[in-house]
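Below you'll find the structure, written out as structure tokens, and then a few comments.
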Amino acid sequence: MTLIIRKIAFVSFLALILCETIYGSAIPQSVLEISTEESTQSDNLLRKLVLEPSKEESTDTDTTDNFSKKLASSKSSKSKEKVDKKYYVSPDKANWFKAFLYCVSAGLELATVESEAETDLLNEVLDKDDIKEGWKEGYWLSGNSLAYPETLEFYWASTGQKIIYTNWGKDQPDNAGKKEFCIGVGLVGKKPAWNDYAPETELKYICQSPRPCC
Ligand SMILES: [Ca+2]
């Protein structure tokens, strides 16, 4: 019995040796193949991970470029100032005080003109109204020096702001007769410009949309 067991053990040993000799490298090779495959997949994943940040960087660059373009676009649109108001021309003439009241009673304000862009807008409106030549054909604005008749400091009655931007006509303001305290715009020259008038003068007038409250 013992001899039989020894023979079986010997045969098994020989079989194992034979198996290792024949297949010994095949089994590890298959593992290697899987490993290689996994390694290839890992490499691909790594490449992907490495590529993705590059892609993001590229996207970021694009975004930065787009942002720069937006800024440039914003600057170029800002260079031409947007005027966020509307001007309305009166159908009739009135003195300065009545013109002020008429605009307010219509839910509007007697006009201010505080920039070149607003002058351009006003000129379009005056052109549509077929403005006539001569100071007597002028239109009231809300600028005046009624509060400071001695120093002739001009303020916009509709906003209370001191007048900084101006568009005076030639030789104006002249305070002719020492009674011209209110500003109107008229066409004497190539383009409409400002003149100081006596407030009792009868002129058409310009109202503007009111400023947003608070
Ligand atoms: Ca004048």
Next on the checklist: Looking at Lys128, Lys170, Lys191, Lys132 in this structure, which one is basic (Lys, Arg) and touching a helix residue (DSSP H, G or I) at 6+ places or on another chain (Cβ under 8 Å)?
Outcome noted: Lys191
Item to check | Filter result (exposed (fewer than 14 other Cβ atoms within 10 Å of the Cβ) and more than 30 Å from the chain's Cα centre (by Cα)) within segment 116-135 | outcome: Asp130, Lys132, Glu133, Gly134
Next on the checklist: I'm told Pro149 meets every condition in (1) within 15 Å of the ligand (Cβ to nearest atom); (2) part of a strand (DSSP E or B) except one. Can you identify the failing condition by its number?
Outcome noted: (2)
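Quick one: in segment 136-164, of everything that is among the charged types (D, E, K, R) and over 26 Å from Pro91 (Cα atoms), which residue is surrounded by the fewest Cβ atoms within 10 Å (Cβ to Cβ)? Spell out how you get there, then give the answer.
From segment 136-164, those among the charged types (D, E, K, R) are 136-137, 150, 153, 162; that's our starting set.
Within this subset, residues satisfying the condition of being over 26 Å from Pro91 (Cα atoms) are 150, 153, 162.
Working: Glu150: 6, Glu153: 12, Lys162: 10.
The extreme case among them is Glu150.
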Next on the checklist: Give all pairs with beta carbons closer than 7 Å in which a residue from segment 166-184 that is within 9 Å of the ligand (Cβ to nearest atom) meets a residue that is at pLDDT below 95; count only pairs at least 6 apart in sequence or on separate chains.
Outcome noted: Gly169/Gly189
Item to check | Single residue of Ser142, Ser158 found to be part of a loop (DSSP other than H, G, I, E, B) and either over 25 Å from Asp84 (Cβ atoms) or modelled with pLDDT of 95 or more (or both) | outcome: Ser158
Checklist outcome for this item: Considering segment 172-198, residues that are surrounded by fewer than 19 Cβ atoms within 10 Å (Cβ to Cβ) and closer than 24 Å to Asn123 by Cβ, and then whichever is farthest from the chain's Cα centre (by Cα), we arrive at Asp174
Next on the checklist: If I go through segment 185-209 residue by residue, how many of them are touching a strand residue (DSSP E or B) at 6+ places or on another chain (Cβ under 7 Å), within 11 Å of the ligand (Cβ to nearest atom) and either free of Cβ contacts under 8 Å to residues at least 12 places away in the same chain or assigned to a loop (DSSP other than H, G, I, E, B) (or both)?
Outcome noted: 1
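The values are calculated or read from the model by the stated rules, or taken from the named source; none is laboratory data. Note that the structure is predicted; figures quoted are calculated from it, not measured. Backbone-built Cβ (ideal geometry, glycine too); neighbour counts: all protein chains shown.
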